[in-house]
Every structure is written in structure tokens, then in C-alpha cells.
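Engineer: The structure's right below; bear with me while I get my questions together.
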Amino acid sequence: MRRFTDNSAKSCVERPVDEMKLLLLSLSDNMKGNAIEKYLSSEYIDLNMVIPSIVDSTMFFSSALVSDVFENYKIYPEIKISPFAPSARPWYPHAGIKDEIIFSDPYETLKLDRSKEQSKLSVTVSMNIFDAHSQQVGNVAFDLDMKNMSRMLQEVSIPYDGRFEIASRSGVVVMYSNTDDVFKRTIPKSWLLKTTERYGSFVDEETGKIVYYRAYNNPGWIAYTSVNIATYTNTFESEYKLLALVIFISSIFYFVVIALFRIYFKRLISLLYMSSNGLEVNSQVENFESLYEGMVQKHKHLKEVETLSVTDTLTQAGTRRKFEQDAADLHNKNINFHLAIIDLDNFKQINDTFGHPVGDTVLKNVCRIGTRIMGDDYSIYRFGGEELVVIFPGITFKQSYELMDEWRNEVAQRIWREESLKVTFSCGMVETDSKHGLDKMLEQADKLLYEAKKNGKNCIVADI
């Protein structure tokens, strides 16, 4: 119930109050300087439409008043009250604090005639207006339509047939689902005396209710949720009985299932073992240890197969299949990336001159250097032979170019064990091409790689 009270108070008090404050702050910004005189004048038609449109377009306000420090005023909808001084009204803030928005306590409104009709209660939110020199130039105030705001409470479903209402610090109910009771009902004084914290609960023996509350300072309202003690107790007793019945039935069901499971236990283990290993059922498969052993072996085999499919055994770089998976994943997540293709220069000549073992060593070391430079963020893939591919997600093309150039320089400057061995690579780089997709990027990168070979090798040709 405490959570219900807190959530309902946020929905029915905090959110509307926050919206009102935003409206008044925005309006005060437009009234600085001599602008308030224009709002009071009938000459400025556009400005005279601003406040009526606010009153008409929100559910919070029923009327508005703009006044200056000389008691000149204008009321929307337009009426004249004589004699009338805005600063003498109970809602008028005299503190003169800039940007302070004040919600009044319920007060008696002025009667427009001398009839014996009882004065009505109202709540007003107001704000003083200041000029650039922090001098007060006027005030803007809105009467709250508490009955219209109370309609929000009609959509609130209250647990345990309880009652949710919002009252002022004086005890007058300002919001209630039955709008006819707004300003007519009052909260028991004992409730107000027990409302000592920001939120809490208490038991009121006099009314026979459990009461939860959430209190506010500006406006000085308190949200109350009250539930009859008898209803609350009976509901919990019913729920406890239902819970006990559910536990009892569940226990019976549990023991029945356990009994059936024990009957078919060995057969189940045998079938699982056969399924996991592709073996014939035999009498040796009688426990979880055998089943677990078989499943571990099969899982290990599957992991080895998976690793072979995505990892090049020589260089430990990703395979072309891994490249296509990663590129598709980036595409599905709408992450742009750049692409580089490198090809070791004169690699066939290296193999012919120094032998394939040396060629393999060259490939492994080139990949090792690249992996160290790229770190964990950018992956290297081997497409076959001496061709490698790198993808760069999440960085600029310039940054990816600098990483590739660092890799190229370090490979070119490396001193190998074989005295006459010199290793370099050529590279083609392309930016993200969301229009044509991955195949087009690979095709363009291949063309740039070919151009790098024509330009003398050991260089990067980029599509910029």
C-alpha cells in the first residue's frame, strides 16, 4: 500500500505540479522588462491570446490573472471586480523571491454579486515577475481546476476497496474521485496530527482504518490512502489460506512427480547418453557420471569444430566465415565500419627462396604485429594465402588509416633471422558504403590494393 500511495501521488500530484511550474517559468521569461505592460494592454492581440490559450489547453487551470505592482490587472476569462487589489488576496506571494512558484492553501473566492450564495473555495498557483534588475514588476496567477484534476483519480484502482484522496494541510480535500466532494469533505484532525514525516503510515482506531500518506511542502498537500482494518485483515487471511492450499497441492504434485521420475530414471539417463554420443544403449550407462562424461566429450568436440571454422590455425586470425559473421552483426546493429585488405609483397618469391616454413613464420609474425597494434577492438581475418582483412568499427577513417600505416611501418622495419629477407605489404582501404553493402566494399578495396601494387608496393591506397 505504501508503494501504491507513492506511485499514485507521483502521478496525480508531482507530474501535474512539475508541468505547471514549467509553464509558469516559461511564461515569466516572456514577461520580463516592460512586457507585462503589453499583457495588460488590449493593443497587443497576439500577447493577449497567450494566457487564454494556456488556460484552454491544459486541464489544470480554470482562470488566470496578470497584474503589475500598481494593482493594474487583467483576468482571463475577462471580468472586472470592483474594488479589487491583487496584492490583497490570500494567494498573493509577498516574499518577492525570484522564480519562486507558490501554491496557496484553499481560500474563499470573491463573490461577484451580493447574493447570499456561499463563497466557494479555490486554490491558486502564482509567481512574481521581475525585470533585469531583479525589481518586481508584477505577478501572474492561475486558479486551479481541482475538479478537473480530480478526474485523474477516477482511473486509479485502489487495493482492498480503499480510498485515495488528497488534502491540504488544513484538512480540506482538494482532490477526490467523486468530484462533488472536492472542497466539501475534510480529513479527520487525528490524521493531520499523525502526519509527521514525508511519508509513512498509522492505524486510526477511531475510524477503524489503516492510513498511508505521502506529504508535500509546495503545494502543501498530503496524499492519503485509507483501508478498513477489517477488510484488510480478512483479505490477508483469505490470501494466507489460499497460499496454504496452493503449497499443499504443490507438495502432493511434487511427490507424485518425484515418484514417477524415480521409476523412469535409469531409462532416461540411457536415452540421454545415447542422444549425446550417438551410441547404442547399454547397461553400463546407469548414472549421471557416465552421462556427464559423454556430454563433456561431445561439447569439447563441438567447440573444436567451431574454433576451426572461425579461427585460422596458422595465424590465429579469424577466417573468412568469421569475417562475414562479424560484418553481418555490425550491419544488423547499424554500426558503420571501415575495411582494409592487405597482401604481402613478393610472398611467392619468399616461399621459393627461403621455403614454406619461413613463409609460414612470416605470416604468423605479420599477424602477431597487427594483433598487438589493433588490440581487442579491431579484428584481423585471413582470406587465404597471404591476404589479410581488417575491419574498423566505431572510429574515423583517419584513425583506421593511422593504425594500418603503423602496422605497415613496423613490418617493413622488422629485422628477420634470414639476412636478405625483407617483408612489406600493400594495402587498399575503403570507407563505409551503406548503399552498396559489404561485397561492394570488398571489390573496391581489392581495386585499391591492386593500385598499391602498381604504385611500387609497401604502401596504402585509400578511397578518400
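Engineer: Please find, among SER157, SER190, SER150, SER170, the residue that is loosely packed, with under 15 Cβ neighbours inside 10 Å, part of a helix (DSSP H, G or I) and not assigned by TED's automatic domain parsing to the domain that holds SER63.
Structural biologist: Only one candidate qualifies: SER190.
Residue-wise test of (1) in contact with a strand residue (DSSP E or B) (Cβ under 9 Å, 6 or more places away or on another chain); (2) of a type outside the set (S, T, N, Q); (3) without any contact (Cβ under 8 Å) to a residue 24 or more places away in the chain; (4) in a loop (DSSP other than H, G, I, E, B).
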{"residue": "SER53", "(1), (2), (3), (4)": "no, no, yes, no"}
{"residue": "GLU71", "(1), (2), (3), (4)": "no, yes, yes, yes"}
{"residue": "LYS74", "(1), (2), (3), (4)": "yes, yes, no, no"}
{"residue": "MET127", "(1), (2), (3), (4)": "yes, yes, no, no"}
{"residue": "ALA141", "(1), (2), (3), (4)": "yes, yes, no, no"}
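Engineer: Within region 338-357, how many residues turn out to be closer than 16 Å to THR313 by Cα and modelled with pLDDT of 95 or more?
Structural biologist: Result for region 338-357: 0.
Engineer: Okay, moving on. How many of the residues making up region 20-33 are surrounded by fewer than 13 Cβ atoms within 10 Å (Cβ to Cβ) and in contact (Cβ under 8 Å) with a residue 60 or more places away in the chain?
Structural biologist: Looking only at that region, the number is 1.
Engineer: Further, regarding this structure: Tally up the residues in region 1-28 that are in contact with a strand residue (DSSP E or B) (Cβ under 8 Å, 6 or more places away or on another chain) and of a type in the set (S, T, N, Q), please.
Structural biologist: Within region 1-28, residues that are in contact with a strand residue (DSSP E or B) (Cβ under 8 Å, 6 or more places away or on another chain) and of a type in the set (S, T, N, Q) number 3.
Engineer: Would you point out the residue of region 56-110, among those that are among the aromatic types (Phe, Trp, Tyr) and surrounded by 19 or more Cβ atoms within 10 Å (Cβ to Cβ), that is farthest from SER150 (Cα to Cα)?
Structural biologist: First, pick out the residues of region 56-110 that are among the aromatic types (Phe, Trp, Tyr): 60-61, 70, 73, 76, 84, 91-92, 103, 107.
Those left that are additionally surrounded by 19 or more Cβ atoms within 10 Å (Cβ to Cβ): 60-61, 73, 76, 91, 103.
Values: PHE60: 10, PHE61: 12, TYR73: 29, TYR76: 22, TRP91: 21, PHE103: 17 Å.
Out of the qualifying residues, it is TYR73.
Engineer: Checking the structure you have, find out if any residue of region 36-51 is closer than 20 Å to ALA215 by Cα and touching a residue at least 60 places away in the same chain (Cβ under 8 Å).
Structural biologist: no
Engineer: Considering ILE222, ILE252, which residue is touching a residue at least 40 places away in the same chain (Cβ under 8 Å) and outside any loop (DSSP other than H, G, I, E, B)?
Structural biologist: ILE222 is the lone residue from the list that is touching a residue at least 40 places away in the same chain (Cβ under 8 Å) and outside any loop (DSSP other than H, G, I, E, B).
Engineer: Can you list the helices (runs of 4 or more DSSP H) found entirely within region 331-437 that contain at least 3 residues being within 40 Å of the chain's Cα centre (by Cα), surrounded by fewer than 21 Cβ atoms within 10 Å (Cβ to Cβ) and not small (Gly, Ala, Ser)? Before you say what the answer is, go through the steps one by one.
Structural biologist: Details: elements: 347-354, 356-374, 397-413.
So the answer is 356-374, 397-413.
Engineer: Name the single residue, out of those in region 287-324 being assigned to a helix (DSSP H, G or I) and closer than 17 Å to ASP376 by Cα, that is modelled with the lowest pLDDT. Write out each step before concluding.
Structural biologist: Residues of region 287-324 assigned to a helix (DSSP H, G or I): 288-310, 320-324.
This time we only want the ones that are closer than 17 Å to ASP376 by Cα, so: 310, 322-323.
Details: VAL310: 83, LYS322: 91, PHE323: 92.
Residue satisfying both the conditions and the ranking: VAL310.
Engineer: Against the condition crowded, with 17+ Cβ neighbours inside 10 Å and not assigned by TED's automatic domain parsing to the domain that holds LYS38, how does PHE183 come out, does it pass?
Structural biologist: So PHE183 fits the description; yes.
The values are calculated or read from the model by the stated rules, or taken from the named source; none is laboratory data. Computed from a predicted structure; not experimentally measured. Cβ coordinates were reconstructed from backbone atoms using ideal geometry, including for glycine residues, and neighbour counts include every protein chain displayed.
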